[in-house]
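Asks: Attaching a single structure in structure tokens format; questions to follow.
The values are calculated or read from the model by the stated rules, or taken from the named source; none is laboratory data. Computed from a predicted structure; not experimentally measured. Cβ atoms come from the backbone with ideal geometry, glycine included; neighbour counts cover every protein chain shown.
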Amino acid sequence: MIERNRSRFQVRIDSDLVSGVKAKLAQAGIDQQNILNAFLTYVAYTQKIPFQKLTKREELQAKAAAIFAADNEDKEIPEITNEKDLEDWYAENGDNDEE
């Protein structure tokens, strides 16, 4: 068995986003460490990032979708066009732990 040098890689990520990602990764049988390793390996070997940078609007829409994807599959996610829309929507729908 080949022994590799390992480095610690730490990032801060929105906790709601992590919850949604963990659930989706678990469905696929992949954990966070393996998906990050695969991503970083891909970038290192190809010298390419496998996606395009999102516009601010796309980023807000993706964040809204990710926050509730795991818990509210049947809930419609509205069109989010700015940070205020996201904050308002989150204020109305965000704290679903009480249900």
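Asks: Which one of these is in contact with a Lys or Arg (Cβ under 9 Å, 6 or more places away or on another chain) and at pLDDT 75 or above: Asp88, Asp31? Even if it seems obvious, please write down each step before you answer.
Replies: Working: Asp88 fails: in contact with a Lys or Arg (Cβ under 9 Å, 6 or more places away or on another chain).
Sole residue among the options that is in contact with a Lys or Arg (Cβ under 9 Å, 6 or more places away or on another chain) and at pLDDT 75 or above: Asp31.
Asks: Hey, can you tell me all the residues within the range 34-72 that are at pLDDT 75 or above, in contact with a helix residue (DSSP H, G or I) (Cβ under 9 Å, 6 or more places away or on another chain) and among the aliphatic types (A, V, I, L, M)?
Replies: The answer is Ile35, Ile49, Leu54, Leu60.
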